[in-house]
Every structure is written in C-alpha cells, then in structure tokens.
Amino acid sequence: MSEEGRFKIHLEQQEGFQINVAFDWKHAADLLMDEPPPLGEQKGPNASRLLAAAAANCLSASLLYCVFKEEPPDNCLRAEAVCVMVRNEKKRLRVGRMEITLILGEAVTASPRFARCKGLFEDFCVVSASIRQGIPMRVTLRDEAGNVLHETE
C-alpha cells in the first residue's frame, strides 16, 4: 500500500489520566481525553469512545457526500455508535465489535441518489473500512420511523 498522506496531532498529559489533544487544523478546538474511574475522572471521552465516534462520523460524512456531494441539507442525519467491550483470553479488555446506526431524515431517503449510495458509501469511509480489518462492525441505515433501509455486517 502506498502512503497517500499523513498528519500529526499532539497529545500532552495534563494531570492524572487527562490528556489534551491538539489537532493540526488551525480552527479545530483541542480535545480533553480522560479515562473512566477508577483510573480517571471521566472529564472527557476515552480512546474507545473516540474510536466509535470516529467510525460513526466517517460513515455519516461518506453517506452525506455520496448523496449530496458538497451541499448536504442541515439536520438530515443522526448516528448512534455502540462499542461492545469484551475480555480476551488473557482477560484484557478489548473492543469486540461495533454497531453503527445512521438515522436518516427524509431529505436523505427521498434523494434520487440514495438507492445507489446505500450500497456504496461504506467502501469510501476510510476509518470504518480500516477498523473492519480487525474489529467486526455492523452498519445499519434506518429512516426516522425506525425502518431498516440497509444493513451490512
């Protein structure tokens, strides 16, 4: 695989398990990460939560781009990310699987491009495609009434 690009973010431990993340984009706010008790104080998301958020965000952006290109309407999509934690044979906590659900507004489902995009968008999501190489992931598309419109394992 050839290297297509790279970026660098900076992390700095503040106190306890609180770590400040500074991104390489001028207008991106820093992010405080922390661990849940008993290690940390839960003052920010931990790495597992950010992994789930990253997968859901990437899938959301990929679907919106496929359906609308550069101009998606406001408030037309919500997402839920479930990260299932398991213990391995050494009793170490691991991300066992992820379940991502995108809840689509009518602007998405009524788009003429939606039928084509629902089977295509996942392949262009950098993060979820990478995660899937090591962690099982189910992706479900639902309309606002809860009807399943598409699902992949």
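The values are calculated or read from the model by the stated rules, or taken from the named source; none is laboratory data. Please read all numbers here as calculations on a predicted model, not as lab measurements. As a convention, Cβ positions derive from the backbone with ideal geometry for all residues, glycine included, and neighbour counts pool all protein chains shown. Side chains included, ligands, DNA and RNA excluded: accessible areas come from the protein's heavy atoms. Shrake-Rupley method; radii C 1.70, N 1.55, O 1.52, S 1.80 Å.
A few remarks follow.
- In segment 3-44, of all residues being of a type outside the set (Asp, Glu) and under 19 Å from Ser128 (Cα atoms), the one that is most open to solvent (accessible area, probe 1.4 Å) corresponds to Arg6.
- Unmet requirement for Arg113, which otherwise passes all of (1) in contact (Cβ under 8 Å) with a residue 40 or more places away in the chain; (2) closer than 26 Å to Gln133 by Cα; (3) among the charged types (D, E, K, R); (4) in contact with a helix residue (DSSP H, G or I) (Cβ under 9 Å, 6 or more places away or on another chain): (2)
- Residues that are of a type in the set (Ser, Thr, Tyr), surrounded by 13 or more Cβ atoms within 10 Å (Cβ to Cβ) and in contact with a Lys or Arg (Cβ under 7 Å, 6 or more places away or on another chain) do not occur anywhere in segment 125-132.
- Members of segment 108-124 that are part of a loop (DSSP other than H, G, I, E, B), charged (D, E, K, R) and open to solvent by 80 Å² or more (accessible area, probe 1.4 Å): Arg113
- Verdict on Gly119 being closer than 18 Å to Asn57 by Cα, of a type outside the set (A, V, I, L, M, F, W, C) and at pLDDT below 95: yes
- Residue within segment 81-97 that is open to solvent by less than 40 Å² (accessible area, probe 1.4 Å), of a type outside the set (A, V, I, L, M) and within 26 Å of Gly5 (Cβ to Cβ) present: no
- Scanning segment 47-72 for residues that are surrounded by 13 or more Cβ atoms within 10 Å (Cβ to Cβ) and farther than 18 Å from Arg116 by Cα turns up Ser48, Arg49, Leu50, Leu51, Ala52, Ala53, Ala54, Ala55, Ala56, Asn57, Cys58.
Yes or no, residue by residue, for (1) at pLDDT 95 or above; (2) within 12 Å of the chain's Cα centre (by Cα); (3) within 24 Å of Asp34 (Cβ to Cβ):
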{"site": "Glu70", "(1), (2), (3)": "no, no, no"}
{"site": "Leu102", "(1), (2), (3)": "yes, yes, no"}
{"site": "Asp143", "(1), (2), (3)": "yes, no, no"}
{"site": "Gly146", "(1), (2), (3)": "yes, no, no"}
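- Given (1) assigned to a strand (DSSP E or B); (2) under 29 Å from Gln18 (Cβ atoms), index of the condition Gln42 fails: (1)
- Yes/no for Asp34 being more than 24 Å from Glu99 (Cα to Cα) and of a type in the set (Asp, Glu): no
- When segment 122-153 is filtered for residues that are over 16 Å from Ala61 (Cα atoms) and acidic (Asp, Glu), the ones remaining, listed by number, are Asp143, Glu144, Glu151, Glu153.
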